[in-house]
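Novice: I am attaching a structure below and will ask some questions about it afterwards.
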Amino acid sequence: MYRLIKKYKSVRRGEFITPHGTIQTPVFMNVGTLAAIKGAVSSMDLKDIGCQVELSNTYHLHLRPGDKVVKNLGGLHKFMNWDRPILTDSGGFQVFSLAKLRKIKEEGVYFNSHIDGRRIFMGPEESMQIQSNLASTIAMAFDECIPNPSTREYVINSVARTTRWLERCKVEMDRLNTLPDTINKKQMLFGINQGGTYEDIRIDHAKTIAKMDLDGYAIGGLAVGETHEEMYRIIDAVVPHLPDNKPIYLMGVGLPSNILEAVERGVDFFDCVLPARNGRHGHVFTASGKINIMNAKFEQDSRPIDEGCQCPACQHYTRAYIRHLFKAKEMLAMRLCVLHNLYFYNKLMLDIRDAIDGDYFEDFKAKKLHDWGGTS
């Protein structure tokens, strides 16, 4: 259940009550594709850095270790030792990212595994069954993430099929939640708005899925090649047509500046691989913008990554030492930078919530964008 605590213009402050705890929103979900954050970050670490929600990938966990293996071991929460909410995506993004390895049909999508090439089929029912086996808190509906640019005709047909798939997802999830051997019988379902960069298609689709009374709604198919301005235009168009009493999730976004802009437009949930991926390559976020820790100027820099930061890396290590770790190819370098970046994102969301609670979000946003100077 979503409770709207405060709203100013389009900015929303809420809380989402789930079977695995209450999520304070706006929130950033930390991405652990294979039930682990890349960069040697554990589930205990996630608690230490303020993570509220972990996100895992349906397609990848289906391939290994196998969703039935996870179910036999008690579900994803027990498997990865995480007792807070987990969101699993549906496999729909792989329809986009594995374009050369798949074939879309009305019944679903035929994939060739990127691991060993074996033939895999996933449709709405299969996606729901896999996510039920994983026993995540929130399951995403199976959809097609539309490439950008796409022709209007292609987008219309794809969105219509995504709607039909959503209807099938809802029926199957309702069925699965009644089965005696289902681990999480209160699993929630989020639908996904699609429509490329066509505002009218997006709005029509938002109106259609809003009538289905789902647990939450996502805006998908963005951050896939369009400009930031196009993305903001679509968010502006879609959000007013989604239910005010349900959480809104912008999938796969993004930079800290993107998050601030989307919060201003009414978005509650975010996820992105960017902070962890950047961290693994020595690109770290600070109060004054993003820096590359491997630059020569940091060779003898005895300051932490970000002065004033309370993350484990900044509390104990210097820029010079972390740079040395990267140069020496020590995996501790990646771990420290990933921890820092995820802490930075989780702390940003906490500060955003405080700013909304304190009625100073607009000033907060303006100051952050100024301090980052366009590098975040």
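The values are calculated or read from the model by the stated rules, or taken from the named source; none is laboratory data. Quick caveat, the model's predicted, so the values are computed rather than measured. For neighbour counting, all protein chains shown are included, and Cβ atoms are generated from backbone atoms with ideal geometry for every residue, glycine included.
Novice: Can you pull out every residue in the stretch 6-19 that is more than 27 Å from Glu362 (Cβ to Cβ) and either at pLDDT below 95 or crowded, with 19+ Cβ neighbours inside 10 Å (or both)?
Specialist: If the condition is that a residue be more than 27 Å from Glu362 (Cβ to Cβ) and either at pLDDT below 95 or crowded, with 19+ Cβ neighbours inside 10 Å (or both), then Thr18 is the only one that fits.
Novice: Can you list residue pairs whose Cβ atoms sit under 8 Å apart, with the first residue in the stretch 160-183 being under 18 Å from Ala135 (Cβ atoms) and the second being of a type in the set (S, T, N, Q) and at pLDDT below 95? Count only pairs 6 or more apart in sequence or on different chains.
Specialist: Once the first residue is under 18 Å from Ala135 (Cβ atoms) and sits in the stretch 160-183, its partners that are of a type in the set (S, T, N, Q) and at pLDDT below 95 give Cys169/Ser90.
Novice: Inside the stretch 69-90, can you point out the residues that are in a helix (DSSP H, G or I), farther than 19 Å from Met44 by Cβ and without any contact (Cβ under 8 Å) to a residue 60 or more places away in the chain?
Specialist: Going through the stretch 69-90, the residues in a helix (DSSP H, G or I) turn out to be 69-72, 76-80.
If we keep only those that are farther than 19 Å from Met44 by Cβ too, we end up with 69-72.
Within the stretch 69-90, Val69, Asn72 qualify.
Novice: Quick one: which of Leu325, Leu332 is in a helix (DSSP H, G or I), hydrophobic (A, V, I, L, M, F, W, C) and surrounded by 17 or more Cβ atoms within 10 Å (Cβ to Cβ)?
Specialist: Checking each option against the conditions leaves just Leu325.
Novice: Which members of the stretch 340-359 meet the condition of being in contact (Cβ under 8 Å) with a residue 12 or more places away in the chain and either out of contact with any Gly (no Cβ under 7 Å at 6 or more places or on another chain) or of a type in the set (Asp, Glu) (or both)?
Specialist: Selection gives Leu342, Phe344, Tyr345, Leu348, Met349, Asp351, Ile352, Arg353, Ile356, Asp357, Asp359.
Novice: Condition first: within 14 Å of Gly92 (Cα to Cα) and in a strand (DSSP E or B). Now tell me which residues in the stretch 108-139 satisfy that.
Specialist: Gly108, Val109, Tyr110, Phe111, Ile120, Phe121, Met122, Ala139
Novice: Also: Name the residue that is surrounded by the most Cβ atoms within 10 Å (Cβ to Cβ), counting only residues in the stretch 129-154 that are closer than 21 Å to Glu199 by Cα and under 19 Å from the mean Cα position of the chain (by Cα).
Specialist: Pass one, the stretch 129-154, residues closer than 21 Å to Glu199 by Cα: 143-154.
Now narrow it down to the ones that are under 19 Å from the mean Cα position of the chain (by Cα): 143-147.
Details: Asp143: 31, Glu144: 22, Cys145: 24, Ile146: 23, Pro147: 16.
Taking the candidates together, the pick is Asp143.
Novice: Still on this model: With the condition kept exactly as written, say whether any residue in the stretch 94-101 is outside any loop (DSSP other than H, G, I, E, B), touching a residue at least 12 places away in the same chain (Cβ under 8 Å) and basic (Lys, Arg).
Specialist: The answer is no, given that none of the residues of the stretch 94-101 is outside any loop (DSSP other than H, G, I, E, B), touching a residue at least 12 places away in the same chain (Cβ under 8 Å) and basic (Lys, Arg).
Novice: Another question, then. Cβ-Cβ under 8 Å, sequence separation 6+ or interchain: first residue in the stretch 222-244 and farther than 19 Å from Cys272 by Cβ and loosely packed, with under 15 Cβ neighbours inside 10 Å, partner among the β-branched types (Val, Ile, Thr) and modelled with pLDDT of 95 or more. Which pairs?
Specialist: none
Novice: Still on this structure: Of everything in the stretch 335-376, what is of a type in the set (S, T, N, Q) and crowded, with 17+ Cβ neighbours inside 10 Å? Give them in sequence order.
Specialist: Taking the stretch 335-376 first, the residues of a type in the set (S, T, N, Q) are 341, 346, 375-376.
Once the filter is applied, which keeps residues that are of a type in the set (S, T, N, Q) and crowded, with 17+ Cβ neighbours inside 10 Å, the stretch 335-376 yields Asn341, Asn346, Ser376.
Novice: Residues to consider are Pro65, Pro26; find the one that is under 24 Å from Leu242 (Cβ atoms), assigned by TED's automatic domain parsing to the domain that holds Tyr249 and either under 18 Å from the mean Cα position of the chain (by Cα) or of a type outside the set (A, V, I, L, M) (or both).
Specialist: Numbers: Pro65 fails: under 24 Å from Leu242 (Cβ atoms).
That would be Pro26, the only listed residue that is under 24 Å from Leu242 (Cβ atoms), assigned by TED's automatic domain parsing to the domain that holds Tyr249 and either under 18 Å from the mean Cα position of the chain (by Cα) or of a type outside the set (A, V, I, L, M) (or both).
Novice: Looking for whichever is closer than 27 Å to Lys329 by Cα, small (Gly, Ala, Ser) and surrounded by 17 or more Cβ atoms within 10 Å (Cβ to Cβ) here; the options are Gly266, Gly282. Which one fits?
Specialist: Working: Gly266 fails: closer than 27 Å to Lys329 by Cα.
Result: Gly282 is the single residue among Gly266, Gly282 that is closer than 27 Å to Lys329 by Cα, small (Gly, Ala, Ser) and surrounded by 17 or more Cβ atoms within 10 Å (Cβ to Cβ).
Novice: Any idea how many residues of the stretch 117-128 are farther than 24 Å from Phe79 by Cα and either of a type in the set (Asp, Glu) or surrounded by 24 or more Cβ atoms within 10 Å (Cβ to Cβ) (or both)?
Specialist: Total satisfying the criteria: 1.
Novice: I've got another one for you. Hey, any hits in the stretch 56-68 for a residue that's out of contact with any Pro (no Cβ under 7 Å at 6 or more places or on another chain) and without any contact (Cβ under 8 Å) to a residue 12 or more places away in the chain?
Specialist: yes
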